[in-house]
Amino acid sequence: MATNEAMVIVGAGQAGGTAAAALRDAGFDGPLMLIGQEREAPYERPALSKGYLQGTVERDSTAVHPPSWYVENDVDLIIDTAVVGIDPALHRVWMVRGRHADYRALLIATGSSPRPLPVPGADLAGVHYLRTLQDSDRIRSVLRHDSRIVVIGAGWIGLETAAAARTAGLQVTVLEAAALPLLRVLGPEVAEIFAALHVDHGVDLRCGVQVAEITGAGGHVNGVRLRDGSQFATGAVIVGAGIVPNTRLAAGAGLTVDNGILVNDHLRTSDPDIYAAGDVANAFHPVLGRHVRVEHWANAVHQPQTAARAMLGHDAGYQRLPYFFSDQYDLGMEYTGHVEPGGYDQVVLRGDTDRREFIAFWLRRGRVLAGMNVNVWDVTTAIESMILAGRPVDTAKLADPGAPLESLI
Ligand SMILES: Cc1cc2nc3c(=O)[nH]c(=O)nc-3n(C[C@H](O)[C@H](O)[C@H](O)COP(=O)(O)OP(=O)(O)OC[C@H]3O[C@@H](n4cnc5c(N)ncnc54)[C@H](O)[C@@H]3O)c2cc1C
Ligand SMILES: NC(=O)c1ccc[n+]([C@@H]2O[C@H](COP(=O)([O-])OP(=O)(O)OC[C@H]3O[C@@H](n4cnc5c(N)ncnc54)[C@H](O)[C@@H]3O)[C@@H](O)[C@H]2O)c1
């Protein structure tokens, strides 16, 4: 049993910064330490592939809290300092340079890191990943100075960056291994709409391709070669090939790790005094009836509220449905719910897909599992209620924009 009264948060990102506030909001007035390895105080990442990248959003507006907040709330923010080990028996975390801190309860919010592209040349200068403000600064400079880029991976990073680059006037080639962009998340019916969006905006979209090598000269990238021999000349490559959760610390501490840190619906790990939230947490979801690891902003904002209450000994469970948003060119969308790849048997489209003003619903045995509204707003609550109701819906009405969604719940 720990005698120390401190709450310690490892990882000063979206979830870590939000958790510090949630602990204070929940009435915790003891010592509170937030430790992060980046040189920045916690910031939000969504603008890094959108407005900040395009130069329309200020750096300061990405901050989770204003700089004065940490002092005003007596939060000991330690940045530029990696935590290198956790000793659950001693209730202690070890930082670089031999420093340590003891905890009563610990939250691991270490997020995730870009998955390295496993091909020769991936370490050449001019090959960029996008996770941090510094990464976004580097790509922003590419958008200002280069005339063309190759993007590898047509997931959220790849597509949002492609949209920013096309908007900045660059020639853009996107190379995707799967048959369509966003195929795993959206399935072929809706993924095709995103493919058309980018082709219509002048992206050279190549799907179903295998990158063999990133070529270079003098240590700098000069092109990308595919397995079929085709080549794309470029001075800059952006890689968005997915992420891996940062589980090394948890595994080293003997916590159960399986596609992220395994936690229950209270966000408690296999150690009763250690919790996890955000991208790194593979949390049991009572509504979905299984563990899910959600790699999106809203999850990193909401899970810490539950984790903070649970750390303070309150009976708190997390059962919000996954939710995320994206903006690409003039398309804005929100997605609510969760569908495993191949986990649906019907897609219902409501509205005008050609004008990209519609809602897509994914169903299984007549029940709505997820919904995505594209350039249609204020429907998230209705979609959420429909999913939570778990009843079969009238699909003809669902497809009819004239039938109020509320009448289908
Ligand atoms: C460019 C970009 C755009 C995005 N856009 C959207 C969007 O439009 N909509 C959406 O829903 N989601 C979006 N996301 C996803 C969203 O930003 C993430 O889900 C969210 O940041 C996860 O928060 P987190 O706190 O779990 O992880 P992070 O924000 O990654 O924070 C984790 C922090 O922990 C630090 N850390 C790791 N290990 C250690 C250690 N050992 N010691 C100390 N510190 C450590 C990391 O350096 C990092 O600072 C985007 C992500 C990116 C990268
Ligand atoms: N709007 C949003 O919600 C948003 C925006 C940006 C980033 N993010 C988050 O950031 C993280 C990273 O995004 P991401 O786009 O890198 O991951 P992702 O998982 O969304 O997409 C990765 C894509 O890369 C493809 N790919 C993988 N290896 C490849 C290879 N060798 N060659 C070609 N294609 C390959 C995959 O098939 C997939 O389409 C995710 O967690 C994502 O949820 C979210």
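The values are calculated or read from the model by the stated rules, or taken from the named source; none is laboratory data. The structure displayed is predicted, hence computed values, not measured ones. Ideal geometry is used to build each Cβ from the backbone, glycine not excepted, and the neighbour counts take in all protein chains shown.
The table that follows gives values for the structure above.
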read-out: Single condition ALA125 does not satisfy, out of (1) within 12 Å of ligand 2 (Cβ to nearest atom); (2) more than 23 Å from the chain's Cα centre (by Cα); value: (1)
read-out: Number of positions in segment 222-247 that are at negative phi and out of contact with any strand residue (DSSP E or B) (no Cβ under 8 Å at 6 or more places or on another chain); value: 2
read-out: Top-ranked residue of segment 136-154 - restricted to ones that are surrounded by fewer than 19 Cβ atoms within 10 Å (Cβ to Cβ) and within 22 Å of GLU44 (Cα to Cα), ranked as farthest from the chain's Cα centre (by Cα); value: SER141
read-out: From the options GLY98, GLY51, GLY85, GLY36, residue that is of a type outside the set (A, V, I, L, M, F, W, C) and exposed (fewer than 12 other Cβ atoms within 10 Å of the Cβ); value: GLY98
read-out: Lone unmet requirement of (1) among the acidic types (Asp, Glu); (2) part of a strand (DSSP E or B); (3) more than 23 Å from VAL287 (Cα to Cα) for GLU334; value: (3)
read-out: Residue ID - nearest to ASP279 (Cα to Cα), chosen from residues in segment 337-349 that are in a strand (DSSP E or B) and in contact with a helix residue (DSSP H, G or I) (Cβ under 6 Å, 6 or more places away or on another chain); value: GLY337
read-out: Any hit, segment 292-304, residues being over 24 Å from GLY371 (Cβ atoms) and either buried (at least 18 other Cβ atoms within 10 Å of the Cβ) or among the acidic types (Asp, Glu) (or both); value: yes
read-out: Flag for LEU226 being within 16 Å of ligand 2 (Cβ to nearest atom) and out of contact with any helix residue (DSSP H, G or I) (no Cβ under 9 Å at 6 or more places or on another chain); value: yes
read-out: Which numbered condition THR3 misses (of (1) at pLDDT 95 or above; (2) surrounded by fewer than 17 Cβ atoms within 10 Å (Cβ to Cβ)); value: (1)
read-out: Matching entry among GLY252, GLY219 (being within 16 Å of ligand 1 (Cβ to nearest atom), surrounded by fewer than 17 Cβ atoms within 10 Å (Cβ to Cβ) and under 30 Å from GLN37 (Cα atoms)); value: GLY252
read-out: Residue within segment 351-364 that is surrounded by fewer than 21 Cβ atoms within 10 Å (Cβ to Cβ), under 30 Å from HIS91 (Cα atoms) and either touching a Lys or Arg at 6+ places or on another chain (Cβ under 6 Å) or small (Gly, Ala, Ser) (or both) present; value: no
read-out: Number of positions in segment 288-309 that are touching a strand residue (DSSP E or B) at 6+ places or on another chain (Cβ under 6 Å), touching a residue at least 40 places away in the same chain (Cβ under 8 Å) and over 22 Å from LEU182 (Cβ atoms); value: 1
read-out: Yes/no for ARG290 being at pLDDT 95 or above, out of contact with any Phe, Trp or Tyr (no Cβ under 9 Å at 6 or more places or on another chain) and of a type in the set (D, E, K, R); value: no
read-out: Sole residue being within 13 Å of ligand 1 (Cβ to nearest atom), touching a strand residue (DSSP E or B) at 6+ places or on another chain (Cβ under 8 Å) and among the acidic types (Asp, Glu), chosen from ASP265, ASP258, ASP279, ASP273; value: ASP279
read-out: Any hit, segment 308-316, residues being within 30 Å of PRO272 (Cα to Cα) and touching a His at 6+ places or on another chain (Cβ under 7 Å); value: yes
read-out: Of residues in segment 183-204 being touching a strand residue (DSSP E or B) at 6+ places or on another chain (Cβ under 7 Å) and under 18 Å from GLY342 (Cα atoms), the one farthest from ligand 2 (Cβ to nearest atom); value: GLU189
read-out: Residue within segment 141-148 that is more than 12 Å from ligand 1 (Cβ to nearest atom), touching a Ser or Thr at 6+ places or on another chain (Cβ under 6 Å) and at negative phi present; value: yes
read-out: Residue count, segment 39-79 (criterion: under 29 Å from ARG144 (Cα atoms), away from ligand 2 (no atom under 16 Å from the Cβ) and in contact (Cβ under 8 Å) with a residue 24 or more places away in the chain); value: 7
